[in-house]
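Q: Before I ask anything, let me first share the structure, which is written out below as structure tokens.
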Amino acid sequence: MSNIPETGRTSRVTIRLVILQVLVFSLLLTLGGRLWYLQIRNGQEYDAKANSNHIQQVVTPAVRGSILDDRGVPIADNETLLVVSASRTDLLQQSDGGTAVLTRLAAVLGMKPQDVMDKVRLCDAHTPRPCWNGSPYQPIPITDKATTQQALQIMERREDFPGITAEPTAVRTYPSPDKANAAQVLGYLSPVTDKEVAASEKTSNPLLRSDQVGRSGLEATYDDELRGKAGVTTYQVDNLGRVIGKAGDTPATPGDNLVTSIDSKVQAVTEKELDAAMKAARTTYDPVTHENFKADSGAAVVMDNHTGQIVAMASEPTYDPNEWVGGISAKDYKALTDAKSNYPLLNRAIQGESAPGSTFKVVSTSAAIRAGYTEDGPYDCSSSFNIGSQVFHNDENESYGPISLARALEVSCDTVFYGISYDQWKKDGGTDPKHPKDWFYTTAHDFGLGAKTGIDIPGEVTGRVPDRQWKKDFWEENKDDWCATAKKHKNDKNPSLAVAIAIENCPDGYVLRAGDSVNYAIGQGDTLVTPVQMARIYAALGNGGTLYQPTIAKAVISPDGKTVTPIKPKAVGKLPDSKSTLKYINQALAGVVTEGTADWKFQGWPQDTIPLHAKTGTAEVSGKQSTSWFDTYTKDYTIVMTISQGGTGSGGSGEAVRRIYEAMYGIQKDGQKIDPKKGIMPKPVTALPKFSADGAAVSAQQAAFVTSATDQFANSPAGPQGGAPVPELAALTPTRTEKLLYGRKYT
Amino acid sequence: MSANTYSVRRFTPERSALGKLFARDSVVRRMDWLLFFATLLLCFIGSLLVYSATRNRTGLTHGDQYYFLIRHVMNAGIGLALCIGAMAIGHHRMRTIVPFFYALSILGILAVLSPLGSTVNGAHSWIIIGGGFSVQPSEFVKISIIIGMAMVLSARVDAGDQVHPDHRRVTQSLALAALPVVIILLMPDLGSVMVLGAIVLGVLLASGASSRWVFGLIGTGIVGSILVWQLGILDKYQIDRFAAFANPALDPSGVGYNTSQARIAIGSGGLLGKGLFHGSQTTGQFVPEQQTDFVFSVAGEELGFVGAAFIVALIGLILWRACTIARNATDLYGTIVAAGVVAWFAFQSFENIGMTLGIMPVTGIPLPFVSYGGSSMFANFVAIGMLQSVKMQRPMSA
């Protein structure tokens, strides 16, 4: 057959074979293209996936940096505890999943077997705490309180305890040198939340799930510096999680140390004296309420005038920061956040607000001089001052006749400031103001009131300057409530104070009235300040008028002591006063000590060698006993102490503040002999502590401190691992009615 | 051409053994060495990959890391012997044993359906012999269908009676293929059915049968798969497999896990790979069935784009040789046999590699010469023997 070629193929078959060949090779090309796409184009993405598949990390936590005082004494440190941990990976390889080992371990540690097993289970949505929140490849700590004997029992019988280790581990401790507690300044640590871990993933030093982070105080503000970088050992694992090789090893980098301006000795004295003052107040009779003062809370701040650095900061009530170490127990946490304990977590020095009382008169004096009132006056210090039918009394109805502004400060004459403030209020247009100057309010803002000082610990509150704008805002916010109350109670025969205020404020509560104005001038009314704000103002009076941003941290120092990053004091403002005004106020405040409201507490004070300036304040609080304020300064230091429900300024705190100065300067008992060598801080400490090669602070006193610190360890409480993350406590603000009544003086 | 063209040839006794071997018309001169070496090289690479995939799988190897390697090499050796056997018999003489072979493979797949059969990875297509050996009869069905269909389609054409196979012949050949396809579909071994479909298509294409048959078959395939889907003949796991190749999240712990892990393994290989025995996905046993169906992922991870593409190129080389053999065959029978093998290897390789690359649904079929598995290896080598026989156009023992 001629149409069948010798190859046995027709042209149709040939074409078909070509089609087949094209089809086949296009399939192969498709494979090649897909290979290129997966391996070349997306190779890196898959490589990362493969790595996350088979690489598991075991984390060595970094040793957290220490917080040191101005001389290098650790106030937050690490102690070495024997931590017993279990490796889940090892336990799971045992035939019974590790139950037998954990039961034996519980017996050695004197714990219930179930408690031990609960600790090594992994946390998930359905597992209640305790449970392990970290990586399953991480050794899980079972206790950090193992005794040496228990540790030896475990480590000597390795074959009985496969997967269990007992190793010395660094654990946070607050050694309280000289019994300085500084709890609210230091803050505390608690375990990270999943949210925080997720948020930190993209940062250069991501958080690990087993990490603890600072929740308040210096531990929070300088968390990044203190935390260091965890060491990571990476292992290759197979699809069942079995380790098949080591992939990498990065040792942990310890955190930086933080040198603070806190002086543990001054801190200790300050705490002791604040406590003593409060205890003394509780034995003092209050003639107004006819019972002893309650002295429910208090704060004291010692500040370096030249830098705004905090030398000591005490807040009462307080707590032992070691309660947080190793996870706080639910019971301890409840106790710390309970109303019964009066919120010891609050740092009253920056979060406690109250009316400043007469300590505010330095602001009023400055405002009066700026408004054009002469220093000499004279101004009539009568026993009372009338505005319409309202009568405003001097304290204990005293009267000093015509006096200067300085004398008015010394004797804290209210009526002088009533008069000037009322006069200025009328000049500003009274109830119908036209372009008011508002010198008294402007000056308060210029002194830094009504705003945060910017101190380097979190949670600070602003306080309040009740100026026209605030009045207006406050009225807008509350008028509906007020008017409703007023309407409801309009026929009451004997309206309560709250109702009376509502009736008064409903129609025109936004108007700055004469009463507001005169109350404000003596630091009463709606004004709120914090101790640290007042400390800054008095420090500025002492340093020639510079307002510093208060700081506690002085420097960040690398673990080897070689890299020092100082935290420089920052001047953020100037008092609005001329030099002569400042000098005038200075002299007047010295007069408070020598012949004014505080002289009775400062008999025999060496005023020639250590000139002291002071202002007392007694802020009245509706429904409560009066708040005592005592704001003082020398050439170098400012000390402010305030006690809620603590009585008068000089009576409540005069002696305590004097004791602090005496300890700092080395003033002996008779008052006339000064021995700076016995003073714990006769001069501000400006130099940073020296560090040895291993990064330990070298300080002459350190050895002594360590011994005194050891007995603090003994009763250091530690709750179970992994307490619930603790929300930050909001500063306690008065309830709404309280807000209004707080410090208001109606007589 | 008549059958006696390739009748027995006599060698003159004067020739030396070496001389005989390299004589002008000797087997050594006539066989396709490129095809032969490409096959052996593929086998060699396959044994390395199988070893890499299994040396850590203590659960499978019973503690002997060479367990799979030894068996793989043994399979290849037996396969090579079968290849030589096929060459010795020759594809023409195979026609005489095809009815027997066909019947045997039908019995084999029927046995699988009987209680003798075992289910491996959801596919009911094995007969466990014991001693670690098992047989997958559907592999031999492929050979039966190629030779059987080639016989029916080419007989009249090669006899010179027809230019192209007529409808009757095509119908007969399709009936021949339909019986095992239906039985295998009942197993169900979807992968094998797809490969058989490709073989039938390739055979029909090369036979010169009317284009209507070719398109009709494609149409039947499409309609058939829709019917199979709609009538619920497919098991749940097969639907999952189909859906999960495109979106592993549909079946993350099952086949989706398989494909995504295989894709991670291959993708992470990059250009040059992580080095033989150094792939973390392979060493960590993240890819299930890595020595059999997913063996290509070992190549992708450890040998990289270069190595993986080289394997594809070797397959391409084999297919190119096979296409050339099909074109140069002296009769339609040889052309159809070669083309059938081309369709078989091409589709099976594409499906196997494609599923590890995530462009084809996952069906349990091996990569020719590379995957671990005796039945597949034997069938593949027999196919190579048939190709060589077509190339030589006469049995080598002649």
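Q: Identify all residues within the stretch B:252-273 that are more than 9 Å from chain A (Cβ to nearest Cβ) and surrounded by fewer than 23 Cβ atoms within 10 Å (Cβ to Cβ); write none if there are none.
A: B:P252, B:S253, B:G254, B:G256, B:Y257, B:L272
Q: With the condition kept exactly as written, say whether any residue in the stretch A:613-631 is of a type in the set (D, E), farther than 25 Å from A:L528 by Cβ and not assigned by TED's automatic domain parsing to the domain that holds A:P74.
A: Within the stretch A:613-631, none of the residues are of a type in the set (D, E), farther than 25 Å from A:L528 by Cβ and not assigned by TED's automatic domain parsing to the domain that holds A:P74.
Q: Of the residues that sit in the stretch A:437-451 and are among the aliphatic types (A, V, I, L, M) and buried (at least 24 other Cβ atoms within 10 Å of the Cβ), which one is nearest to A:G463 (Cα to Cα)?
A: A:L449
Q: Still on this model: Among the residues of the stretch A:229-277, how many are farther than 26 Å from A:N205 by Cα, touching a strand residue (DSSP E or B) at 6+ places or on another chain (Cβ under 7 Å), among the β-branched types (V, I, T) and buried (at least 24 other Cβ atoms within 10 Å of the Cβ)?
A: Qualifying residue count, the stretch A:229-277: 3.
Q: Would you mind telling me which numbered condition in (1) in contact with a Leu (Cβ under 7 Å, 6 or more places away or on another chain); (2) closer than 19 Å to A:G448 by Cα; (3) surrounded by fewer than 23 Cβ atoms within 10 Å (Cβ to Cβ); (4) not acidic (D, E) A:L575 fails?
A: (3)
Q: With respect to B:I353, is the statement that it is within 26 Å of B:M74 (Cβ to Cβ) and facing another protein chain (nearest Cβ under 7 Å) true?
A: Yes; evaluated as a whole, the condition is true for this residue.
Q: Further, regarding this structure: Please give the number of the condition A:S200 fails out of (1) more than 24 Å from A:S66 (Cα to Cα); (2) free of Cβ contacts under 8 Å to residues at least 12 places away in the same chain; (3) not hydrophobic (A, V, I, L, M, F, W, C).
A: (1)
Q: Counting only residues that are among the β-branched types (V, I, T) and closer than 19 Å to A:L35 by Cα, which one in the stretch B:308-341 is nearest to the other protein chains (Cβ to nearest Cβ)?
A: Among residues in the stretch B:308-341 that are among the β-branched types (V, I, T) and closer than 19 Å to A:L35 by Cα, the one nearest to the other protein chains (Cβ to nearest Cβ) is B:V312.
Q: Further question: Among (1) farther than 29 Å from A:V288 by Cβ; (2) part of a loop (DSSP other than H, G, I, E, B); (3) touching a Ser or Thr at 6+ places or on another chain (Cβ under 6 Å), which single condition is A:K635 missing?
A: Here A:K635 clears every test but (3).
Q: Separate question: Can you spot a residue in the stretch B:303-315 that is within 24 Å of B:G85 (Cα to Cα) and in contact (Cβ under 8 Å) with a residue 60 or more places away in the chain? It would help to see each step written out before you state the result.
A: If we filter the stretch B:303-315 for residues that are within 24 Å of B:G85 (Cα to Cα), which is where we start, we get B:314-315.
Subsequent filtering for residues that are in contact (Cβ under 8 Å) with a residue 60 or more places away in the chain retains B:314-315.
Yes, the stretch B:303-315 has at least one match.
For (1) closer than 25 Å to A:D224 by Cβ; (2) surrounded by 16 or more Cβ atoms within 10 Å (Cβ to Cβ), each residue gets a yes or a no:
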residue	(1), (2)
A:A151	no, yes
A:D160	no, no
A:A183	yes, yes
A:K195	yes, no
A:K202	yes, no
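Q: On to the next question. Could you check how many residues of the stretch B:206-217 are surrounded by 13 or more Cβ atoms within 10 Å (Cβ to Cβ), of a type in the set (A, V, I, L, M, F, W, C) and over 15 Å from B:M151 (Cα atoms)?
A: Result for the stretch B:206-217: 3.
Q: Determine whether A:A300 is over 16 Å from the mean Cα position of the chain (by Cα) and of a type in the set (G, A, S).
A: Working: over 16 Å from the mean Cα position of the chain (by Cα): no; of a type in the set (G, A, S): yes.
Criteria not met by A:A300.
Q: Being under 30 Å from A:D275 (Cα atoms) and among the polar types (S, T, N, Q) is the filter; apply it to the stretch A:204-228 and report the residue that is surrounded by the most Cβ atoms within 10 Å (Cβ to Cβ).
A: Only one residue fits best here, namely A:S216.
Q: Follow-up. Would you be able to say whether some residue in the stretch B:201-220 is away from chain A (no Cβ under 14 Å), part of a helix (DSSP H, G or I) and touching a helix residue (DSSP H, G or I) at 6+ places or on another chain (Cβ under 6 Å)?
A: No - not one qualifying residue is present in the stretch B:201-220.
Q: Of the residues in the stretch B:141-173, how many are without any contact (Cβ under 8 Å) to a residue 40 or more places away in the chain and under 25 Å from B:L110 (Cα atoms)?
A: 4
Quick grid of which residues meet (1) within 28 Å of A:I522 (Cα to Cα); (2) in contact with a Cys (Cβ under 7 Å, 6 or more places away or on another chain); (3) modelled with pLDDT of 90 or more; (4) of a type in the set (S, T, Y):
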{"site": "A:D599", "(1), (2), (3), (4)": "yes, no, no, no"}
{"site": "A:T632", "(1), (2), (3), (4)": "yes, no, yes, yes"}
{"site": "A:I643", "(1), (2), (3), (4)": "yes, no, yes, no"}
{"site": "A:G652", "(1), (2), (3), (4)": "yes, no, no, no"}
{"site": "A:A656", "(1), (2), (3), (4)": "yes, no, yes, no"}
{"site": "A:M681", "(1), (2), (3), (4)": "no, no, yes, no"}
{"site": "A:T686", "(1), (2), (3), (4)": "no, no, no, yes"}
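Q: Can you tell me how many residues within the stretch B:277-301 are more than 7 Å from chain A (Cβ to nearest Cβ) and closer than 18 Å to B:F369 by Cβ?
A: 11
Q: Among the listed residues A:R12, A:R34, which satisfies the condition of being among the basic types (K, R), surrounded by fewer than 22 Cβ atoms within 10 Å (Cβ to Cβ) and either in contact with a helix residue (DSSP H, G or I) (Cβ under 8 Å, 6 or more places away or on another chain) or under 30 Å from A:A312 (Cα atoms) (or both)?
A: Result of the check over A:R12, A:R34: A:R34.
Results for (1) away from chain B (no Cβ under 14 Å); (2) over 30 Å from A:P689 (Cα atoms), shown as yes or no for each residue.
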position	(1), (2)
A:E45	no, yes
A:T60	yes, no
A:D70	yes, no
A:T80	yes, no
A:D90	yes, yes
A:D115	yes, yes
A:R121	yes, yes
A:A125	yes, yes
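Q: Out of the residues in the stretch A:1-43 that are at the interface with chain B (Cβ under 8 Å from one of its Cβ atoms) and at pLDDT below 80, which is farthest from the chain's Cα centre (by Cα)? Before you say what the answer is, go through the steps one by one.
A: So the first thing to find is which residues in the stretch A:1-43 are at the interface with chain B (Cβ under 8 Å from one of its Cβ atoms), and the list is A:1, A:3-4, A:6-10, A:12-14, A:16-17, A:19-21, A:23-25, A:27-28, A:30-32, A:34-36, A:38-40, A:42-43.
Subset that is at pLDDT below 80: A:1, A:3-4, A:6-10.
Details: A:M1: 106, A:N3: 102, A:I4: 100, A:E6: 100, A:T7: 96, A:G8: 96, A:R9: 94, A:T10: 94 Å.
Within the stretch A:1-43, the match that is farthest from the chain's Cα centre (by Cα) is A:M1.
Q: Still on this structure: Which is away from chain B (no Cβ under 14 Å) and over 24 Å from A:P550 (Cα atoms), of A:A198, A:A247?
A: A:A198
Q: On to the next question. Suppose we filter A:I552, A:I522, A:I567, A:I557 for residues that are over 21 Å from A:V640 (Cα atoms), buried (at least 20 other Cβ atoms within 10 Å of the Cβ) and touching an Asp or Glu at 6+ places or on another chain (Cβ under 8 Å); which single one remains?
A: One residue alone meets the criteria, A:I557.
Q: Which pairs turn up if I take residues in the stretch B:213-230 that are without any contact (Cβ under 8 Å) to a residue 12 or more places away in the chain and look for partners that are β-branched (V, I, T) with beta carbon separation below 9 Å, at least 6 apart in sequence or on another chain?
A: Partner pairs satisfying both residue conditions: B:L227/B:I233; B:W229/B:I239.
Q: A follow-up question, please. Select from the stretch A:628-669 the residues that are among the acidic types (D, E) and in contact (Cβ under 8 Å) with a residue 12 or more places away in the chain and write down the one among them that is surrounded by the fewest Cβ atoms within 10 Å (Cβ to Cβ). Before you say what the answer is, go through the steps one by one.
A: So in the stretch A:628-669, the residues among the acidic types (D, E) come out as A:631, A:636, A:655, A:662.
With in contact (Cβ under 8 Å) with a residue 12 or more places away in the chain added as a condition, the list becomes A:631, A:636, A:655.
On the way: A:D631: 33, A:D636: 20, A:E655: 16.
Within the stretch A:628-669, the match that is surrounded by the fewest Cβ atoms within 10 Å (Cβ to Cβ) is A:E655.
Q: Now for a separate question. Condition check: under 30 Å from the mean Cα position of the chain (by Cα), closer than 19 Å to A:P191 by Cα and buried (at least 18 other Cβ atoms within 10 Å of the Cβ). Does A:D70 satisfy that?
A: No: the conditions fail for A:D70.
The values are calculated or read from the model by the stated rules, or taken from the named source; none is laboratory data. These figures come from a predicted structure and were not determined experimentally. Counting neighbours? That spans all protein chains shown, and the Cβs are built from the backbone with ideal geometry, glycine included.
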